[in-house]
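Read-outs throughout are calculated quantities, based only on the coordinates presented, and are distinct from any laboratory measurement. Note that the structure is a prediction, hence the values are computed from the model and not measured. In this analysis, Cβ positions are derived from the backbone assuming ideal geometry, glycine residues included, and neighbour counts consider all displayed protein chains.
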There are 2 protein chains.
Amino acid sequence: MDLHILDHRLRVTSISKTGLEQYTHPLIKLIFLRNRTRCKFFSLTETPENYTVVLDEEGFKELQPSEHLQVEGSTWLPLNVVSNGNASSSSQSVGVTKIAKSVIAPLAEQHVSVFMLSTYQTDFILVREKDLSVVVESLVEEFNIFREEGGESVPVHSQDACNGLQRNVHPVLIPENQFCVMSLDPDTLPAIATILIDVLFYSNSPKPGASIDQDMECIKFFSFSMIDGYVSLVMDKEAQKQFPTDLLFTSSSGELWRMGRIGGQPLGFGELQIPSFDHLNAACIL
Amino acid sequence: MDLHILDHRLRVTSISKTGLEQYTHPLIKLIFLRNRTRCKFFSLTETPENYTVVLDEEGFKELQPSEHLQVEGSTWLPLNVVSNGNASSSSQSVGVTKIAKSVIAPLAEQHVSVFMLSTYQTDFILVREKDLSVVVESLVEEFNIFREEGGESVPVHSQDACNGLQRNVHPVLIPENQFCVMSLDPDTLPAIATILIDVLFYSNSPKPGASIDQDMECIKFFSFSMIDGYVSLVMDKEAQKQFPTDLLFTSSSGELWRMGRIGGQPLGFGELQIPSFDHLNAACIL
């Protein structure tokens, strides 16, 4: 198997629920107006606690500092595992189960934090840039490691160093709602713009006359990402009903996902953090 | 002729150019998400100086106070002149030339400020609520005056009072660009959402790689209004090129307008203010 260190330098941020409104302007720009930004890696995920935004440095420039924006101090690099020698998105991605066993477990043993980011197209393992040498050293026996640089794949060999942290154990919670993972042609994004804006920015404000049904067994989770021009959406079945069926596509099996949440509250970055639910789901299978 | 005092209580506000970003959230809600707001009268006009937003009290609630939002202190009422006894939008609207002569001139003699708001569908004459008795007294000889109340047209008769102010004279400037006045079915608004968002909120930030062409002979002016479900757009020919031709419609003659601007800077509310260019155009004809 090959492990590719992709050519994006990422920041991991979170916007508070109450602060989202004041980031409407940059977020709409990043989501809908691709020709106004050089951002090539953007991911927005709504969780019950906040909005997690992962984006490259071009995108990060759009976010003005405020009390509502928390920025994790590190630069993160996305890793991608592929089963053949081709790092392009058309190549065979490797399942999450295998990634968990062959990447996350060895890194956990070295106390390296990872941030998993799953999209319709692939699964990214984000590691801190400063941990890169440990990552390479830990994985070089199992993988051919390449670094993507300006479209070229450059082989990487082992380097140095090691760090250490304690790993905690958290309970796993499984909310009731079922999720689907979808994609769409980025050129058809304008066709769902108002629905997406409604769901992303206004779903917390009730519609006039509408009753608020609070189903406490369900969890609020919505994810939008656009990475190298590929769009990925994760939403529950209720949210999906608002979108036209002819534009969003899902895998042929159309499977629905349940979420496993580790702990009932946000995990610190010092811990092994796996916020993307399908990986948790896979972790449950493990 | 009939003069109808419509059943909207309006606020006239302006948002500074630099402050628009922080009003993206409420403005997008008011423009695109009709079922999330009870606002029935909304108008946004970009001028070289600022964004003028006229909206009813339901809409006004959406705008958080800030240093970037200026709110004119009065409540304004929209008047509508119709040539037959029917105030519905299907009735015959009266041309601006006639309005200027029969409404604005008599009110100017009484030193009553008016705010003209032109849409594709009709022309509104906004007067301050506190001036209403003078308005009625000044116009009752020429018009049958009705007050719209919950869908009913109630006849209004003369009342009392008078006020007095000095009227200034300003030079008229005529920029180079040509404007079109258009409408569209509000149900097709989502189809132009991203283009409209781009033009409204992002046209001041250059696209990556695009050169900035500053044509000093042209004026920045864009107007969107949605009043009782009717959409009206005013933009210059350059902006129009960005929109699909099949959704926006214009009058059969498809005439283009030139703008006459009174003074080179914003007029105070104490003066006879006529910001809508086609009325100025008409005023020039006068």
Taking the label point 7 Å from Cα in the Cβ direction, how far apart in nm is residue B:105 from each other copy of itself, listed shortest first? 9.1
Rg over Rh of segment B:1-157, using C-alpha atoms and the Kirkwood radius, what does it come to? 0.98
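How much FRET efficiency would the formula 1/(1 + (r/R0)^6) give for residue A:70 and residue A:242, where r is the Cβ-Cβ distance and R0 is 25 Å, rounded to 0.05?
0.30
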I'd like the FRET efficiency for residue A:40 and residue B:98, computed as 1/(1 + (r/R0)^6) with the beta carbon distance as r and R0 of 60 Å, rounded to 0.05. 0.60
For the pairs A:17/A:220; A:29/B:17; B:17/B:241; B:101/B:237, flag any whose C-alpha to C-alpha distance is greater than 21 Å. B:17/B:241; B:101/B:237
Along each of the three principal axes of the Cα atoms of segment A:1-74, give the extent in whole Å, ordering the values from largest to smallest. 43, 28, 20
